[in-house]
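Remarks on the structure that follows.
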Amino acid sequence: MTTILHLRCSPRGAAAFSSRMAEEVVARLLDHHYNSAEIVFHDLSAYPPPLVDAAFSAAILGPPGETPPALEVSEALIRELEAADAVVIATPMHNYCVPAVLKAWIDQIVRIHRTFASTPGGKVGKLRDRPVWLVVASGGWFSGPSPSGAPAQPDFLTPYVRAGLGTIGINDVRTLTLEGVTRGAGVAEAAFTSARAALDRWLPPSRQPEVLDRAPSA
């Protein structure tokens, strides 16, 4: 069965701008490719992954192939990612970068010997590539100047996520941005319109008419 891994990272839950846009992405994926897919959903803000601690740090340097207790959560999260045919990540931008809960998830899945190998030529990912939809919501503008002409704020989020996933072999990252969403309803709606246009370019809306299950007319 096809699987979509859906991660929500905002403390605002389903009401968050990123969460709302991500739901549209999931719906489009179901309509376009995976109409019978299983959705594996995690609200990382409500149930955050554990932070890296001393036991984890020691365990990742142990013999390859073993899964000591300190790596059990990591192993479970990696297996979910391995099983996914597509990934949707909904996240706000916090102080120019990822929320702590998304950083914790990345720390659990980027693991030497398990998801990447260290070679003389650099790190080599061990997971197969798959599409990742990264939905980023920000109160400011980071892809370019604001409408008033203020300079773009720094963006450490999107290059960090790309680098982290690329380390383990996942390079097909497609970013949808919602910028200026705290600057009023009109600005937020314009951000959604822009994100939907980008989504349409990747996954055009289905033009198939709805087929109703009905008995033929007498």
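The values are calculated or read from the model by the stated rules, or taken from the named source; none is laboratory data. Because the structure is a prediction, the values reported are computed rather than measured. Positions of Cβ are backbone-derived with ideal geometry, glycine not excepted, and every protein chain shown enters the neighbour counts. Ligands, DNA and RNA are stripped out before the accessible areas are found, and what is left, the full protein with its side chains, is counted by its heavy atoms. Shrake-Rupley method; radii C 1.70, N 1.55, O 1.52, S 1.80 Å.
Of Cys9, Cys97, which has the most accessible area with a 1.4 Å probe, and how do the rest follow in descending order?
Largest to smallest exposure gives the sequence Cys97, Cys9.
Apply the Karplus parameterisation 6.51 cos²θ - 1.76 cosθ + 1.60, with θ equal to phi minus 60°, to every residue of segment 105-111 and state each ³J(HN,Hα) to the nearest whole Hz, in sequence, with x for glycine and proline.
5, 4, 4, 7, 9, 8, 9
Given the options Ala197, Ala188, Ala150, state which has the largest fluctuation in a GNM of the chain using a 10 Å cut-off (strictly under) for Cα springs.
Of Ala197, Ala188, Ala150, the most mobile in the Gaussian network model is Ala150.
Quick one: accessible surface of Arg183, probe radius 1.4 Å, all protein chains present, in square angstrom to the nearest 10.
140 Å²
Based on C-alpha coordinates, I'd like the Rg and Dmax of the chain, in Å.
Values for the chain (Cα only, Rg and Dmax): 19.3, 74 Å.
Enumerate the whole-percent occupancy of each 10 Å bin, from 0 to the last occupied one, for all C-alpha pair distances of segment 87-156.
Per 10 Å bin, starting at 0, the Cα pair percentages come out as 16, 35, 30, 15, 3.
Can you give the FRET efficiency for Ser194 and Ser118, using 1/(1 + (r/R0)^6), R0 = 41 Å, r = Cβ-Cβ distance, to the nearest 0.05?
Calculated value: 0.55.
Around Val52, under 15 Å between beta carbons, what's the net of Lys plus Arg minus Asp minus Glu among the other residues?
With Lys, Arg at +1 and Asp, Glu at -1, the neighbours total -1.
Read phi for every residue in segment 142-156 and hand back ³J(HN,Hα) as whole Hz from Karplus 6.51 cos²θ - 1.76 cosθ + 1.60, θ = phi - 60°, with x for Gly and Pro.
10, 8, x, x, 6, x, 7, x, 5, x, 4, 6, x, 10, 9
Share of the chain's accessible area from carbon and sulfur, percent, 1.4 Å?
The value for the chain is 56 percent carbon and sulfur by accessible area.
Amide H of Ala86: which non-local residues (sequence gap of 5 or more, or other chain) have their own amide H closer than 5 Å, using H built in the peptide plane?
The answer is Thr3, Leu5.
Could you pull the accessible area for Thr177 with a 1.4 Å probe, rounded to 10 Å²?
Solvent-accessible area, nearest 10 Å²: 40 Å².
So how exposed is His32, as accessible area in Å² (1.4 Å probe, rounded to 10)?
Roughly 70 Å² of His32 is accessible to a 1.4 Å probe.
Hey, could you get me the Stokes-Einstein D for segment 1-79, Kirkwood radius over alpha-carbon pairs, 25 °C and 0.890 mPa s, rounded to whole µm² s⁻¹?
165 µm²/s
Give the ranking of Thr115, Thr67, Thr182 by solvent-accessible surface, highest area first, calculated with a 1.4 Å probe.
Thr182, Thr67, Thr115
Can you tally the net charge around Gly62? Count Lys and Arg as +1, Asp and Glu as -1, for every other residue whose Cβ sits under 14 Å from the Cβ of Gly62.
-1
What is the distance, in nm, between label points placed 7 Å from the Cα along the Cα-to-Cβ direction at Thr67 and at Asn35?
Result for the modelled spin labels: 3.5 nm.
Once you list every other residue whose beta carbon is under 13 Å from the beta carbon of Leu81, what net charge do they have if Lys and Arg are +1 and Asp and Glu are -1?
+1
Which value at 222 nm does the chain reach when only helices count, each DSSP H run of 4 or more adding -39,500 (n - 2.57), with the total divided by all residues and rounded to the nearest 500 deg cm²/dmol?
-10500 deg cm²/dmol
Provide the per-residue ³J(HN,Hα) series for segment 9-23, in order, calculated from phi with Karplus coefficients 6.51, -1.76, 1.60 and θ = phi - 60°, each as a whole number of Hz, with x at glycine and proline positions.
Result, ordered by residue: 10, 7, x, 8, x, 5, 7, 5, 4, 5, 5, 5, 5, 5, 4 Hz.
Once the principal axes of the Cα atoms of segment 92-218 are found, what is the range along each, listed largest first in whole angstroms?
Taking the Cα atoms of segment 92-218, the three principal extents are 73, 46, 24 Å.
For the chain, what is the accessible area per residue in Å², given a 1.4 Å probe and the full set of protein chains?
Counting only protein heavy atoms, the per-residue value for the chain is 52 Å².
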